[in-house]
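**Student:** Can you read through this structure? Questions will come right after.
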Amino acid sequence: MGRWITEEPLALEPLLQETDDHGSGALLVFYGTVRNTNEGRPVKSMAYEAHISMAEKVLRELEQEVIEKFNARHCRIIHRIGHLALGEPSVIIVVRSAHRADGYAGSRYAIDELKQRAPIWKEEHYADGDSQYLDGVPLRKSAGKPEQAKE
Amino acid sequence: MKINVILYGVLKQDAGVKRHTLDLSSDPATVRAAVSELAAQIPALAARLETVAYVIDDEIVDPDTILHDGDQLALLPPVSGG
(Lines give C-alpha, C1' and ligand atoms only; values in the text may rest on other atoms or scores of the structure.)
Protein backbone atom coordinates (compact mmCIF):
# COMPACT_ATOMS: atom_id res chain seq x y z
CA MET A 1 0.00 0.00 0.00
CA GLY A 2 1.26 3.45 -0.81
CA ARG A 3 1.83 4.49 -4.38
CA TRP A 4 -1.76 3.92 -5.65
CA ILE A 5 -3.81 3.11 -2.55
CA THR A 6 -3.26 4.89 0.74
CA GLU A 7 -4.86 5.50 4.11
CA GLU A 8 -3.18 8.91 4.32
CA PRO A 9 -4.95 12.13 3.26
CA LEU A 10 -4.27 12.71 -0.44
CA ALA A 11 -1.84 15.40 -1.49
CA LEU A 12 -1.59 16.84 -5.00
CA GLU A 13 1.84 18.45 -4.73
CA PRO A 14 3.92 15.23 -4.75
CA LEU A 15 2.06 14.04 -7.85
CA LEU A 16 2.79 17.34 -9.62
CA GLN A 17 6.46 17.09 -8.72
CA GLU A 18 6.63 13.49 -9.83
CA THR A 19 5.15 14.30 -13.26
CA ASP A 20 6.85 17.66 -13.78
CA ASP A 21 7.52 17.95 -17.51
CA HIS A 22 8.17 20.97 -19.72
CA GLY A 23 7.16 18.97 -22.79
CA SER A 24 3.56 18.98 -21.60
CA GLY A 25 1.42 21.96 -22.45
CA ALA A 26 -1.61 20.65 -20.56
CA LEU A 27 -2.02 19.55 -16.97
CA LEU A 28 -5.36 18.02 -15.98
CA VAL A 29 -6.15 17.38 -12.31
CA PHE A 30 -9.29 15.51 -11.28
CA TYR A 31 -10.42 15.28 -7.67
CA GLY A 32 -13.22 13.02 -6.53
CA THR A 33 -14.53 14.34 -3.23
CA VAL A 34 -17.01 13.19 -0.59
CA ARG A 35 -20.38 14.76 -1.33
CA ASN A 36 -22.85 15.73 1.40
CA THR A 37 -25.91 14.03 -0.12
CA ASN A 38 -26.73 10.94 -2.14
CA GLU A 39 -30.13 10.58 -3.77
CA GLY A 40 -31.47 13.27 -1.48
CA ARG A 41 -30.19 11.69 1.72
CA PRO A 42 -27.80 13.74 3.87
CA VAL A 43 -24.38 12.09 4.08
CA LYS A 44 -22.11 12.63 7.09
CA SER A 45 -18.98 10.77 6.02
CA MET A 46 -17.74 7.96 3.79
CA ALA A 47 -15.75 4.79 4.46
CA TYR A 48 -13.70 3.29 1.61
CA GLU A 49 -12.19 -0.16 1.50
CA ALA A 50 -10.25 -1.97 -1.22
CA HIS A 51 -8.75 -5.27 -2.24
CA ILE A 52 -5.49 -3.43 -1.91
CA SER A 53 -3.02 -5.47 -3.97
CA MET A 54 -5.46 -5.86 -6.87
CA ALA A 55 -6.58 -2.23 -6.74
CA GLU A 56 -2.95 -1.11 -6.91
CA LYS A 57 -2.41 -3.32 -9.95
CA VAL A 58 -5.53 -1.96 -11.69
CA LEU A 59 -4.61 1.69 -11.05
CA ARG A 60 -1.07 1.04 -12.32
CA GLU A 61 -2.54 -0.49 -15.49
CA LEU A 62 -4.92 2.46 -15.92
CA GLU A 63 -2.03 4.92 -15.73
CA GLN A 64 -0.28 3.02 -18.51
CA GLU A 65 -3.45 2.86 -20.61
CA VAL A 66 -3.96 6.63 -20.36
CA ILE A 67 -0.42 7.13 -21.64
CA GLU A 68 -0.78 4.63 -24.48
CA LYS A 69 -4.36 5.30 -25.63
CA PHE A 70 -4.40 9.09 -25.28
CA ASN A 71 -0.83 9.99 -26.04
CA ALA A 72 -0.46 11.41 -22.53
CA ARG A 73 3.08 12.04 -21.32
CA HIS A 74 2.34 11.26 -17.67
CA CYS A 75 -0.50 9.88 -15.61
CA ARG A 76 -0.77 9.30 -11.86
CA ILE A 77 -3.75 7.97 -9.98
CA ILE A 78 -4.05 7.67 -6.21
CA HIS A 79 -7.09 6.53 -4.22
CA ARG A 80 -7.63 6.82 -0.50
CA ILE A 81 -9.22 4.22 1.77
CA GLY A 82 -10.47 4.49 5.33
CA HIS A 83 -12.87 6.99 6.82
CA LEU A 84 -13.24 10.31 4.96
CA ALA A 85 -15.00 13.49 6.02
CA LEU A 86 -17.21 15.57 3.73
CA GLY A 87 -15.26 17.40 1.07
CA GLU A 88 -12.11 15.31 1.45
CA PRO A 89 -10.66 13.91 -1.79
CA SER A 90 -11.07 10.15 -2.25
CA VAL A 91 -9.19 10.06 -5.55
CA ILE A 92 -6.78 12.30 -7.47
CA ILE A 93 -5.94 11.81 -11.14
CA VAL A 94 -3.12 13.80 -12.76
CA VAL A 95 -2.64 13.73 -16.52
CA ARG A 96 -0.03 15.70 -18.41
CA SER A 97 -0.08 15.80 -22.21
CA ALA A 98 1.35 17.90 -24.99
CA HIS A 99 -2.12 19.20 -25.90
CA ARG A 100 -5.30 19.68 -23.88
CA ALA A 101 -7.65 17.41 -25.85
CA ASP A 102 -5.61 14.32 -24.98
CA GLY A 103 -5.43 15.37 -21.34
CA TYR A 104 -9.19 15.87 -20.98
CA ALA A 105 -9.96 12.57 -22.71
CA GLY A 106 -7.36 10.63 -20.75
CA SER A 107 -8.50 12.02 -17.42
CA ARG A 108 -12.13 11.14 -18.21
CA TYR A 109 -11.13 7.65 -19.30
CA ALA A 110 -9.17 7.09 -16.09
CA ILE A 111 -12.04 7.92 -13.71
CA ASP A 112 -14.67 6.12 -15.82
CA GLU A 113 -12.56 2.93 -15.95
CA LEU A 114 -11.58 3.17 -12.29
CA LYS A 115 -15.24 3.10 -11.32
CA GLN A 116 -15.74 -0.20 -13.16
CA ARG A 117 -12.42 -1.96 -12.74
CA ALA A 118 -10.89 -0.99 -9.38
CA PRO A 119 -11.91 -3.29 -6.49
CA ILE A 120 -12.91 -0.46 -4.16
CA TRP A 121 -16.12 -0.05 -2.17
CA LYS A 122 -17.70 2.86 -0.37
CA GLU A 123 -20.02 2.76 2.58
CA GLU A 124 -22.01 5.90 3.18
CA HIS A 125 -22.63 7.06 6.73
CA TYR A 126 -25.73 9.19 7.03
CA ALA A 127 -26.65 12.08 9.27
CA ASP A 128 -29.34 9.92 10.91
CA GLY A 129 -26.73 7.38 12.09
CA ASP A 130 -27.54 4.72 9.49
CA SER A 131 -24.98 3.47 6.98
CA GLN A 132 -24.95 1.38 3.82
CA TYR A 133 -22.71 0.14 1.04
CA LEU A 134 -23.55 1.65 -2.33
CA ASP A 135 -24.90 -0.76 -4.96
CA GLY A 136 -21.98 -0.35 -7.34
CA VAL A 137 -21.35 -2.00 -10.70
CA PRO A 138 -20.14 -5.58 -11.29
CA LEU A 139 -16.36 -5.60 -11.55
CA ARG A 140 -15.15 -5.48 -15.16
CA LYS A 141 -11.98 -7.23 -16.16
CA SER A 142 -10.28 -5.11 -18.80
CA ALA A 143 -10.58 -2.15 -21.09
CA GLY A 144 -13.72 -1.94 -23.17
CA LYS A 145 -16.37 0.57 -24.04
CA PRO A 146 -16.93 2.60 -20.87
CA GLU A 147 -20.52 2.76 -19.66
CA GLN A 148 -22.09 6.12 -18.94
CA ALA A 149 -20.80 7.23 -15.57
CA LYS A 150 -23.42 7.64 -12.85
CA GLU A 151 -21.75 10.49 -11.05
CA MET B 1 -8.83 -29.68 0.48
CA LYS B 2 -9.01 -26.39 2.31
CA ILE B 3 -9.39 -23.00 0.70
CA ASN B 4 -9.64 -19.59 2.31
CA VAL B 5 -12.44 -17.30 1.19
CA ILE B 6 -11.96 -13.57 1.69
CA LEU B 7 -15.04 -11.34 1.63
CA TYR B 8 -15.24 -7.64 0.83
CA GLY B 9 -17.76 -4.83 1.20
CA VAL B 10 -21.38 -5.84 1.60
CA LEU B 11 -20.44 -9.54 1.50
CA LYS B 12 -18.29 -9.12 4.59
CA GLN B 13 -21.11 -7.20 6.24
CA ASP B 14 -23.76 -9.80 5.42
CA ALA B 15 -21.59 -12.76 6.39
CA GLY B 16 -20.38 -11.10 9.59
CA VAL B 17 -16.84 -12.33 8.85
CA LYS B 18 -13.97 -11.23 6.61
CA ARG B 19 -12.50 -14.72 6.15
CA HIS B 20 -14.07 -18.15 5.97
CA THR B 21 -12.34 -21.49 5.49
CA LEU B 22 -14.00 -24.08 3.26
CA ASP B 23 -13.19 -27.77 3.49
CA LEU B 24 -14.09 -29.14 0.07
CA SER B 25 -14.56 -32.87 -0.29
CA SER B 26 -14.23 -33.03 -4.08
CA ASP B 27 -10.68 -32.82 -5.35
CA PRO B 28 -10.17 -31.18 -7.77
CA ALA B 29 -12.84 -28.61 -7.00
CA THR B 30 -13.83 -25.59 -9.06
CA VAL B 31 -14.51 -22.03 -7.98
CA ARG B 32 -18.16 -22.71 -8.78
CA ALA B 33 -18.24 -25.64 -6.35
CA ALA B 34 -16.58 -23.57 -3.64
CA VAL B 35 -19.07 -20.73 -4.05
CA SER B 36 -21.96 -23.18 -3.94
CA GLU B 37 -20.60 -24.64 -0.72
CA LEU B 38 -20.13 -21.14 0.70
CA ALA B 39 -23.78 -20.29 -0.04
CA ALA B 40 -24.83 -23.46 1.76
CA GLN B 41 -22.73 -22.61 4.81
CA ILE B 42 -23.60 -18.89 4.88
CA PRO B 43 -27.12 -18.54 3.41
CA ALA B 44 -27.05 -14.75 3.94
CA LEU B 45 -24.64 -14.55 0.98
CA ALA B 46 -26.64 -16.64 -1.48
CA ALA B 47 -28.64 -13.81 -3.02
CA ARG B 48 -25.54 -11.71 -3.67
CA LEU B 49 -23.32 -14.29 -5.32
CA GLU B 50 -24.66 -13.78 -8.85
CA THR B 51 -22.96 -10.42 -9.23
CA VAL B 52 -19.71 -11.35 -7.51
CA ALA B 53 -16.29 -11.43 -9.20
CA TYR B 54 -13.90 -14.25 -8.23
CA VAL B 55 -10.27 -13.31 -7.72
CA ILE B 56 -7.18 -15.41 -7.07
CA ASP B 57 -3.72 -13.79 -6.90
CA ASP B 58 -5.13 -10.40 -7.97
CA GLU B 59 -6.65 -11.83 -11.17
CA ILE B 60 -10.33 -12.30 -12.00
CA VAL B 61 -10.91 -16.00 -12.63
CA ASP B 62 -13.62 -18.04 -14.31
CA PRO B 63 -16.09 -20.14 -12.28
CA ASP B 64 -14.59 -23.26 -13.90
CA THR B 65 -11.11 -22.50 -12.53
CA ILE B 66 -9.65 -25.44 -10.59
CA LEU B 67 -8.76 -24.64 -6.99
CA HIS B 68 -5.71 -25.91 -5.14
CA ASP B 69 -5.28 -26.64 -1.47
CA GLY B 70 -4.56 -23.44 0.41
CA ASP B 71 -5.82 -21.10 -2.33
CA GLN B 72 -7.09 -17.68 -1.27
CA LEU B 73 -10.33 -17.00 -3.14
CA ALA B 74 -11.49 -13.39 -2.88
CA LEU B 75 -15.15 -12.62 -3.58
CA LEU B 76 -15.69 -9.06 -4.79
CA PRO B 77 -19.19 -7.53 -4.86
CA PRO B 78 -20.06 -4.75 -7.36
CA VAL B 79 -17.57 -1.92 -6.99
CA SER B 80 -18.12 1.75 -6.13
CA GLY B 81 -14.74 3.44 -6.03
CA GLY B 82 -13.98 6.99 -7.07
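**Student:** Modelled label-to-label distance, B:ALA44 and A:ARG100, 7 Å Cα→beta-carbon offset: nm?
**Tutor:** With each label placed 7 Å out from Cα toward Cβ, I get 5.2 nm.
**Student:** How far, in degrees from 0 to 90, does helix A:100-117 lean away from the longest principal axis of the Cα atoms of chain A, to the nearest 10?
**Tutor:** 40 degrees
**Student:** I've got another one for you. Using a 1.4 Å probe on the protein heavy atoms, what percent of the accessible area of the protein assembly as shown belongs to carbon and sulfur? Please report the intermediate quantities before stating the final value.
**Tutor:** Details: 5470 of 11470 Å².
Carbon plus sulfur share of accessible area: 48 percent.
**Student:** Of A:LYS69, B:LYS12, which has the most accessible area with a 1.4 Å probe, and how do the rest follow in descending order?
**Tutor:** Sorted by accessible area, descending: A:LYS69, B:LYS12.
**Student:** If you don't mind, another one. Got a sec? What order do A:ARG41, A:ARG100, A:ARG73, B:ARG19 fall in by accessible area at 1.4 Å, biggest, i.e. largest, first? Walk me through the intermediate numbers first.
**Tutor:** Numbers: A:ARG41 70, A:ARG100 170, A:ARG73 115, B:ARG19 145 Å².
I get A:ARG100, B:ARG19, A:ARG73, A:ARG41, largest accessible area first.
**Student:** Now, a different point. Please calculate how many Å² of accessible area segment B:2-76 carries per residue, with a 1.4 Å probe and no DNA, RNA or ligand atoms counted. Display every interim value, and only then the final one.
**Tutor:** Values: 3760 Å² over 75 residues.
I get 50 Å² per residue for this part.
**Student:** Can you divide the C-alpha Rg of segment B:2-76 by 2.2 N^0.38 Å and report the result to two decimal places?
**Tutor:** Ratio of Cα Rg to 2.2 N^0.38 Å: 0.97.
**Student:** Quick one: angle between helix B:31-41 and the longest Cα principal axis of chain B, in degrees between 0 and 90, rounded to 10, please.
**Tutor:** 70 degrees
**Student:** I've got another one for you. Which whole-number percent is the relative contact order of segment B:2-76 (Cα, under 8 Å, 6+ apart)?
**Tutor:** With pairs under 8 Å counted, the relative contact order is 44 percent.
**Student:** For a label point 7 angstrom out from the Cα of B:LYS18 toward its Cβ, which stretches of segment A:52-81 have the backbone nitrogen within less than 12 Å?
**Tutor:** Under cut-off, by backbone N: A:52.
**Student:** Can you order the peptides A:27-37, A:103-113, B:21-31 by their average number of other Cβ atoms within 10 Å per residue, highest first?
**Tutor:** Going by the mean number of other Cβ atoms within 10 Å, highest first, we get A:103-113, A:27-37, B:21-31.
**Student:** Helix-only estimate, please: 222 nm mean residue ellipticity of the protein assembly as shown, summing -39500 (n - 2.57) across DSSP H runs of length 4 or more and dividing by its residues, to the nearest 500.
**Tutor:** Taking each H run of at least 4 residues, the total per residue is -8000 deg cm²/dmol.
**Student:** For Cα pairs less than 8 Å apart in space and 6+ apart in sequence, what is the mean separation divided by the residue count of chain A, i.e. the relative contact order in percent? Spell out each step's value before the answer.
**Tutor:** Working: 295 pairs, mean separation 46.7, N = 151.
The value is 31 percent.
The values are calculated or read from the model by the stated rules, or taken from the named source; none is laboratory data. What you are looking at is a predicted structure, and each value in this text was computed from that prediction instead of being measured. Glycine gets a Cβ as well: all are built from the backbone with ideal geometry, and neighbour counts include every protein chain shown. Quick note on the areas: whole protein, heavy atoms, side chains included, nothing else; ligands and nucleic acids left out. Shrake-Rupley method; radii C 1.70, N 1.55, O 1.52, S 1.80 Å.
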